[in-house]
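Inspection log for the structure reproduced underneath, given as structure tokens.
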């Protein structure tokens with residue numbers, strides 16, 4: 001079975017203690033995911049617009065589950 005989707009929580013999981021991540025490294029990994037047809041999903045209790053701000057380069061390509069699933 002191939003991986004079809006990767007979903008990540010943000011706070012305390014994807015983000016470091018400074019509420020940031022290595023953008024260059026992630027964008028390289030994301031490009032590899034795209035070539036393999038793997039979808040990337042951000043899942044968090046945070047607000048949708050806040051989550052989008054972490055991924056300005058790809059915000060229209062990825063999916064968001066925001067506000068504890070309400071959005």
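The values are calculated or read from the model by the stated rules, or taken from the named source; none is laboratory data. This is a predicted model, so every value here is computed, not measured. So basically every Cβ, Gly included, is an ideal-geometry build from the backbone, and we count neighbours across all protein chains shown.
Of 12, 37, all but one fail to be at positive phi and either without any contact (Cβ under 8 Å) to a residue 24 or more places away in the chain or touching a helix residue (DSSP H, G or I) at 6+ places or on another chain (Cβ under 9 Å) (or both); the exception is 12.
Figure legend. Inter-residue proximity from region 52-67: first residues without any contact (Cβ under 8 Å) to a residue 40 or more places away in the chain, second residues outside any loop (DSSP other than H, G, I, E, B), beta-carbon distance below 6 Å, spacing 6+ or different chains. Indicated pairs: 59/52; 62/40; 63/41; 64/42; 64/48; 64/51; 66/48; 66/51. Go through region 16-42 residue by residue and tally those that are within 23 Å of residue 70 (Cα to Cα) and either at pLDDT below 95 or assigned to a helix (DSSP H, G or I) (or both). Counting residues in region 16-42 that are within 23 Å of residue 70 (Cα to Cα) and either at pLDDT below 95 or assigned to a helix (DSSP H, G or I) (or both) gives 1. Counting the residues of region 43-57 that are part of a loop (DSSP other than H, G, I, E, B), out of contact with any strand residue (DSSP E or B) (no Cβ under 7 Å at 6 or more places or on another chain) and farther than 15 Å from residue 26 by Cα gives 3.
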